[in-house]
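Worksheet: the structure to be examined is printed underneath.
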């Protein structure tokens, strides 16, 4: 549909025809197409692009998109017990207030002088994460927790000069896939088995697999499947005996109640910050953190930006800048470590806001909350015939496996039936971990009231009857 | 009756000064820990119901002692309004595209991010979705992703797209993985271990394939600043896995022989990946397909208007020809005529390059942006971006001390890399210093990636979002600062004066005994405070 | 922090010959000839232009210089107070004065030495200091082949200013010397004399940082690792002069001669600082490759400082046997100008011109133009 009148677009100030003409005149060109002189004819698009008709009015645009979005059902309209890397927590209003401000939303790559606020906000984020993790160096966020793990493993390899990495077989398959992709050229990944009863890493197998070729031993605490690795400290010690780096993935929301990995010997801690005041965003709210102690050799392995505090020429003024900038690919192209680019800074700022609102008391309280509600749900579900919960005989945090083998029903059926009750059941693990039979990963957070949990139990009871 | 006011005015008409008397907010805001007051609370959590407590008792009991946190984290304790004030003040200490003439960030494409799109992205029906929800409950967002894929297919001419990479560099990495997988599928992965790129392409075109295990062969431009075809011919061999190239490059020069470049690499058995970070001037004008590319990527937070977010979240959408689509990361989004679904049926997929499906809100914003413009509007955006750029070019060249190296007398596409070399020779003032002084008037610019091939560089990309009056204002500022370089160099050398902070002493940032990336490190190393408690 | 000390030495006769059609200005005879033709000394004025850039920093450093036209006068003209040491015979300065001045300033604790002159002056500074104290040349002579000079006097001044305000990195830069007599007879014959440590500038932000390990040394180590990977048993590798080739040898645990051509085979140094005849003997009947790095300010991979690698040697090894290595900084410093070959055999040079691969790091190469012009 070509319009007779040239359209003047609200987003394109110089689409006013008179202005266009005037500008062309000032630069001595007859037409805009003249300006494309370097593009040969055979590379030019002749036909008009076949795109949906323009919704020139904002009203029509809003109506259309809102119409599409209305077909989505959100937790709120449903009761959701999904976790597995993306979590439904309460998001304080101030978090959204800050990260929706245009000043933060539209800033990008200014200097530390004129984008000082962004630098300070991110320095504060890394500082608060440092307190949570008991570590002194934290990166400006990378893409997500997957990337954090993958990069941490490559850092370990660069540090030790070795190429073998030991991973728990209980880790999520998506993360494993991504890590395989990322580590492919340089690293050999070996999976260490876990105990089907307790979920814990098989220590004997670990000991057998460790050698002077091991760059890193990786575990997650809490694990992907929700349980805690109780021998974490011991595993760290064994890793160190072989000169390997001990890398631990963790969920920051647990660290008000749980000991941070540094406390049991981790050299590198990593994970995802989405639980810290960031909406789920259909998976778009992820951000990765990597933390280490302040040792020069570790610092030099970070590929990401590290913001440091520095004095300015005026007394009493804080300034910020990149620490050891030469590391990153901006300065030295391919000779830098991996690469750095646009990642997840806004989520870092948001997580900082969250942590400052929560404070130590809030973090302790949410830890308690998550533990209490999760245990309550487990107890309630355990009363249902055929349901075996928790899947593993180990302490859990907020996620736990539930096994339905004795019910004779498959998780897929059960979840479909739960949908009718307005409930999103836990993630179906039967394809990812066939050895666990018909099991699902349930996640309970502070947004679930006792009523919600009772409703879950009742619905399950009905569905399984 | 005599109109007294016609006789004498109380004051003369107000005349705005030629250049804004800009001063950035300078709050001297303490670091948030310094606002802490023991006992203060920012938010309260829901209490645990007595019914729950009755059943579970002390929830912490179940955690083995050695895994329990011993001492509370030393996070700041602050009341809610104080947190808000703190962060709002920090927000004022930035120069975001919402309020400055952000034409100085070449290759970043700082165009207007329409607020309507942000509001749509914030709506709970977008922000409150869990990625693992039953797909019947997220048909809306899946449809957005599917439809936007169709749009990118039309824009690029390629066949299938994935939005899983969470940034431009992530997209380049994913494309490098696809190239790797392609050669592996014919058993040639050991033989074909070289990726060719150019020095003016984005640094990630080198860093990312290197991370994927390739050797990098960089070619330098010819005298006119175009990628050197002869050099490419000399560079290809049976070891060539592929070419990863940005076009136009960051100089704003379109390589007219790009199709020949692709042919040369294809003839050698390699694949070609098109880094379209600089696509803003080409929408509707020129496509990846006609140039013969096998892979491409777009930065949705650049060309497609999603806001930059202070450095993310973002999406690098990767596109592939039919032949290579089988390697794309999974899942893709498919439509069977009835229902949208996450498609995991890709046996040769490289697997995952990130969690879930990328950042759907960025896709949503991009989708809305394209819908609001349509084919004609997209083309207009590209054309005006190019018009604005050449307008800026014509006028920049009139400023004393500026040149635009390479392709002399020719037009550029959507950005230009200028050089202040002449001014530097005559005054000793560097490009960085010019940029810092420009910040005193409320604008900034980016010099260049490293290495600086163009001396004293300055890379400007006006996009289509700024009016000619705003471009004139930007020019007036640079002209003024350039003039000061000659007549009042000290004020330039000691800039910035009106920014939030002054010149930073970088010694601390490269010295391992002094650097501090967290407050606790700063306390220990600089303030010499012992860490009590943990740590 | 102790006040920084900057030294200034001006070679008053540098550049004397150029303007009046004489090449170079070494030797009293040439100087007399030049003055007879009305030549006026250039170096003093160039030095003044350079140090004028430091006027705004005058409170922060101490300038130490030699008397009269060897620095005192240009300093005064530039408006800078200077501590004057040493003694000379004005109007009759010699290379020995330059060397003495450099040594005296070193003893006085000068941190950076600025010298105005040409290749000959650089040679004298090197003779006095070796590769120790940082030095930077203010170009003032006719022939500048050494890589130790800033592009312009003003640029030298800016670099010195950057050094005053922070710590900036240094790199090794070749000191070249052209045979004057041959030069005046139309032949170019260059000798590599040694290296000076020269400050270099990245952008302002980088320049203000303390030297990080990721400086030139790290790049050279990366190149060394890459090259070491490619060495094959039974092959001879001829290593031309240069700090990068020196780093390759060091990585293999071998000590390469500073200025000469050495030969490595199976991890051993089988020949050291050899001439053409010895080279031909060593590679007779063996498979060989030549590892070259650009020498001097104009990017010569052949023809400056590596004379033993003669056309005969090159013919024996064949063009496919040439391996070029270079740090990125060196390539970037060419500012787009090509690498050069000047072997002495125009036919061979033509054959070698075109493009070459250059190893720039571990797993990294570039393809760069080579010119025989």
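Would you confirm, using the coordinates I've provided, whether residue B:241 is on the phi < 0 side of the Ramachandran plot, part of a strand (DSSP E or B) and over 26 Å from the mean Cα position of the chain (by Cα)? Spell out how you get there, then give the answer.
Values: on the phi < 0 side of the Ramachandran plot: yes; part of a strand (DSSP E or B): yes; over 26 Å from the mean Cα position of the chain (by Cα): yes.
Considered against the rule, which asks whether it is on the phi < 0 side of the Ramachandran plot, part of a strand (DSSP E or B) and over 26 Å from the mean Cα position of the chain (by Cα), residue B:241 comes out as yes.
Can you give me the number of residues within the stretch B:263-302 that are over 18 Å from residue B:175 (Cα atoms) and either in contact (Cβ under 8 Å) with a residue 40 or more places away in the chain or in contact with a strand residue (DSSP E or B) (Cβ under 7 Å, 6 or more places away or on another chain) (or both)?
So the count comes out to 11.
Kindly provide the set of residues from the stretch B:454-472 that are surrounded by fewer than 19 Cβ atoms within 10 Å (Cβ to Cβ) and either touching a residue at least 60 places away in the same chain (Cβ under 8 Å) or part of a helix (DSSP H, G or I) (or both), ordered by number.
Correct list: B:469, B:472.
Identify all residues within the stretch B:328-365 that are in contact with a helix residue (DSSP H, G or I) (Cβ under 6 Å, 6 or more places away or on another chain), away from chain A (no Cβ under 11 Å) and buried (at least 21 other Cβ atoms within 10 Å of the Cβ); write none if there are none.
B:333 - this is the single residue of the stretch B:328-365 that is in contact with a helix residue (DSSP H, G or I) (Cβ under 6 Å, 6 or more places away or on another chain), away from chain A (no Cβ under 11 Å) and buried (at least 21 other Cβ atoms within 10 Å of the Cβ).
Based on this model, can you work out whether residue A:121 counts as touching a strand residue (DSSP E or B) at 6+ places or on another chain (Cβ under 7 Å), in a helix (DSSP H, G or I) and outside the structural domain of residue A:429 (by TED's automatic domain parsing)? Explain how you work it out, then say what you get.
Numbers: touching a strand residue (DSSP E or B) at 6+ places or on another chain (Cβ under 7 Å): no; in a helix (DSSP H, G or I): yes; outside the structural domain of residue A:429 (by TED's automatic domain parsing): yes.
The answer is no for residue A:121.
Return yes or no: is residue B:293 at pLDDT 95 or above, in a loop (DSSP other than H, G, I, E, B) and under 25 Å from residue A:45 (Cα atoms)?
Working: at pLDDT 95 or above: yes; in a loop (DSSP other than H, G, I, E, B): yes; under 25 Å from residue A:45 (Cα atoms): yes.
The answer is yes for residue B:293.
Being surrounded by 14 or more Cβ atoms within 10 Å (Cβ to Cβ) and either assigned to a loop (DSSP other than H, G, I, E, B) or in the same structural domain as residue B:523 (by TED's automatic domain parsing) (or both) is the filter here; which residues of the stretch B:25-37 pass it?
Listed by number, the residues that qualify are B:25, B:26, B:27, B:29, B:31, B:36.
Looking at the stretch C:143-221, what helices (runs of 4 or more DSSP H) fall wholly within it and have at least 2 residues that are out of contact with any strand residue (DSSP E or B) (no Cβ under 6 Å at 6 or more places or on another chain), within 14 Å of another protein chain (Cβ to nearest Cβ) and modelled with pLDDT under 70?
Here the list reads C:204-207.
Select from the stretch B:431-453 the residues that are more than 7 Å from every other protein chain (Cβ to nearest Cβ) and within 24 Å of residue B:198 (Cβ to Cβ) and write down the one among them that is surrounded by the fewest Cβ atoms within 10 Å (Cβ to Cβ).
The extreme case among them is B:448.
Within the bounds of the stretch A:68-77, is there any residue that is modelled with pLDDT under 95, more than 7 Å from chain B (Cβ to nearest Cβ) and more than 24 Å from residue B:117 (Cβ to Cβ)?
Scanning the stretch A:68-77 turns up no residue that is modelled with pLDDT under 95, more than 7 Å from chain B (Cβ to nearest Cβ) and more than 24 Å from residue B:117 (Cβ to Cβ).
Yes or no: residue A:271 surrounded by fewer than 24 Cβ atoms within 10 Å (Cβ to Cβ) and in contact with a helix residue (DSSP H, G or I) (Cβ under 6 Å, 6 or more places away or on another chain)?
So residue A:271 fails the test.
Among the residues of the stretch B:268-290 satisfying the criterion of being under 24 Å from residue B:180 (Cβ atoms) and surrounded by fewer than 24 Cβ atoms within 10 Å (Cβ to Cβ), which is farthest from the other protein chains (Cβ to nearest Cβ)?
It comes out as B:269.
Scan the stretch A:340-366 residue by residue and report those that are closer than 20 Å to residue A:146 by Cβ, at the interface with chain B (Cβ under 7 Å from one of its Cβ atoms) and modelled with pLDDT of 85 or more.
A:342, A:343, A:344, A:345, A:346, A:347
Scanning for something outside any helix (DSSP H, G or I), out of contact with any helix residue (DSSP H, G or I) (no Cβ under 6 Å at 6 or more places or on another chain) and free of Cβ contacts under 8 Å to residues at least 60 places away in the same chain, does the stretch B:438-452 turn up at least one residue?
yes
In this structure, does residue B:141 turn out to be touching a residue at least 12 places away in the same chain (Cβ under 8 Å), buried (at least 24 other Cβ atoms within 10 Å of the Cβ) and at the interface with chain A (Cβ under 8 Å from one of its Cβ atoms)?
When the stated conditions are applied, residue B:141 passes them.
Given the residues C:325, C:313, C:341, C:358, which is the only one that is in contact with a helix residue (DSSP H, G or I) (Cβ under 7 Å, 6 or more places away or on another chain) and within 13 Å of another protein chain (Cβ to nearest Cβ)?
Residue meeting the stated conditions: C:358.
Out of the helices (runs of 4 or more DSSP H) lying entirely within the stretch B:38-124, which hold 1 or more residues that are more than 39 Å from the chain's Cα centre (by Cα) and more than 7 Å from chain A (Cβ to nearest Cβ)? Spell out how you get there, then give the answer.
On the way: elements: B:50-56, B:80-92, B:115-122.
Hits in the stretch B:38-124: B:50-56.
Condition check ((1) in contact with a strand residue (DSSP E or B) (Cβ under 8 Å, 6 or more places away or on another chain); (2) at pLDDT 95 or above; (3) surrounded by fewer than 20 Cβ atoms within 10 Å (Cβ to Cβ)) across all residues:
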residue: A:413; (1), (2), (3): no, yes, yes
residue: A:429; (1), (2), (3): yes, yes, no
residue: A:442; (1), (2), (3): yes, yes, no
residue: A:448; (1), (2), (3): yes, yes, no
residue: A:465; (1), (2), (3): no, no, yes
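Can you spot a residue in the stretch C:26-34 that is within 23 Å of residue C:129 (Cα to Cα) and at pLDDT 70 or above?
No: zero hits.
Is it true that residue A:58 is modelled with pLDDT of 95 or more and more than 29 Å from residue B:466 (Cβ to Cβ)?
When the stated conditions are applied, residue A:58 does not pass them.
Within the stretch A:265-320, track down each residue that is free of Cβ contacts under 8 Å to residues at least 12 places away in the same chain and either within 27 Å of residue B:29 (Cα to Cα) or more than 7 Å from every other protein chain (Cβ to nearest Cβ) (or both).
A:295, A:310, A:311, A:312, A:313, A:314, A:315, A:316, A:317 - these are the residues of the stretch A:265-320 that are free of Cβ contacts under 8 Å to residues at least 12 places away in the same chain and either within 27 Å of residue B:29 (Cα to Cα) or more than 7 Å from every other protein chain (Cβ to nearest Cβ) (or both).
The values are calculated or read from the model by the stated rules, or taken from the named source; none is laboratory data. Note that the coordinates shown come from a computational prediction; the quantities given were computed from them, not determined experimentally. Ideal geometry is used to build each Cβ from the backbone, glycine not excepted, and the neighbour counts take in all protein chains shown.
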